[in-house]
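The values are calculated or read from the model by the stated rules, or taken from the named source; none is laboratory data. No experiment lies behind these values; they were computed from the predicted model shown. Don't worry about glycine lacking a Cβ; one is built from the backbone with ideal geometry, like all the others, and counts go over all protein chains shown. The protein model used for the area step is the full one, side chains on, heavy atoms only, and it has no ligands, DNA or RNA in it. Shrake-Rupley method; radii C 1.70, N 1.55, O 1.52, S 1.80 Å.
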Amino acid sequence: MDVSKQQEGEKRVQELLIAPLDLMGLTKPGTMRKEQFELMRRELRQKLAYMSPQGLMSLCEWCQQHPGGKERDRFPIALHVLDQARRIEPPEAGPSPLMLKVFAHEIGQKAISEGWAPELHVWLKGNRQWPGAWTLSKIRESADEGMRRLRDIESRLARVGEVSREEEQFRQKRRAAIRACEDMVAS
């Protein structure tokens, strides 16, 4: 993100997240000094600058429903806000070290060769932990429809030579997702 986009994003965070929470009367967490609180807010502005206005408004609603402190009148700590922000609108960034390790591992190799790598990638983005055996079976299960649909489209394309625009878009999107997973292995 270039400097001007970063500054615009920080301004958006201030206007759509921090200012509304201030207006609600949420104050600094009790265990934080004033300087720490200001530093935390600055970090939030910087780290959430990538978010869209809709994502920030959703995050603001979440913060309003989940204030900190015993009296529920405190600004939520940055850790919770950033965690929720990733759930609402994950940042567009390169693969995390965890993703690189999973896709370099036998699990990732199998996911790529069997065709369920895009679903594993999505799960890793949302959960940020090493998947266990039960989780992997559920991920594979959730990928069945997408894998079957891609096989059907490619089979029809090979036989007839054309498919509908919607099917071609699905094919391109799925193939791009698979390529992104393969690229993580090559990194």
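Within the chain, which is the longest segment that contains none of the GluC sites (Glu not before Pro) sitting in a DSSP loop with at most 14 other Cβ atoms within 10 Å? Can you show the working numbers first?
On the way: sites that count: 71, 92, 162.
Here the longest run is 1-70.
Computed from backbone phi, the HN-Hα couplings of region 94-101 come to x, x, 6, x, 4, 4, 4, 5 Hz, rounded to whole numbers (Karplus: 6.51 cos²θ - 1.76 cosθ + 1.60, θ = phi - 60°; Gly and Pro given as x).
Sort the chain into rounded, prolate or oblate with this rule: let a ≥ b ≥ c be the square roots of the eigenvalues of the Cα gyration tensor; rounded if a/c is under 1.5, and if a/c is not under 1.5, prolate when a/b is larger than b/c, oblate otherwise. It would help to have the intermediate numbers written out before the result.
On the way: a/c = 2.64, a/b = 2.14, b/c = 1.23.
Prolate.
Annotation: amide H of residue 68 within the under-5 Å range of 74, 75, sequence separation 5 or more or interchain, hydrogens built in the peptide plane. Post the alpha-carbon centroid distance, region 11-43 to region 94-136, in whole angstrom. Using only Cα atoms, the two centres lie 35 Å from each other.
Positive-end ranking of 31, 44, 88 along the dipole of the chain, with charges on Cβ about the Cα centre, is headed by 31. Think of the chain as having a plus end and a minus end, set by charges on the Cβ of Lys, Arg, Asp and Glu; of 54, 13, 66, 66 sits farthest toward the positive end of this dipole.
For region 3-88, relative contact order (Cα pairs under 8 Å, six or more residues apart, normalised by length) works out to 39 percent. Using the Karplus curve 6.51 cos²θ - 1.76 cosθ + 1.60 with θ = phi - 60°, work out ³J(HN,Hα) for each residue of region 42-47 in order, rounded to whole Hz, and write x for Gly and Pro. Result, rounded to whole Hz: 5, 4, 4, 4, 5, 6. Build a GNM of the chain with springs between Cα atoms under 10 Å apart, and of 62, 134, 116 the one that fluctuates most is 134.
Charging the Cβ of each Asp and Glu at -1 and of each Lys and Arg at +1, and nothing else, the dipole of region 97-186 about its Cα centre rounds to 140 debye.
For the chain, what does -39500 (n - 2.57) per DSSP helix run (n ≥ 4), summed and divided by total residues, give at 222 nm, in deg cm²/dmol to the nearest 500?
On the way: 10 runs with 132 residues, N = 187.
Taking each H run of at least 4 residues, the total per residue is -22500 deg cm²/dmol.
Only the Cβ atoms of Lys and Arg (+1) and of Asp and Glu (-1) were treated as charged; on that basis the dipole of the chain about its Cα centre amounts to roughly 300 debye. Compute the angle between helix 3-13 and the longest alpha-carbon principal axis of the chain, please, reported from 0 to 90 degrees and rounded to the nearest 10. Its long axis makes an angle of about 70 degrees. Checked against a 32 Å cut-off, the cross-linked pairs 110/173; 5/125; 11/110; 28/138; 5/28 give Cα-Cα distances beyond that limit for 11/110; 28/138. Per-residue accessible area (protein heavy atoms, 1.4 Å probe) orders 107, 153 as 107, 153, starting from the largest.
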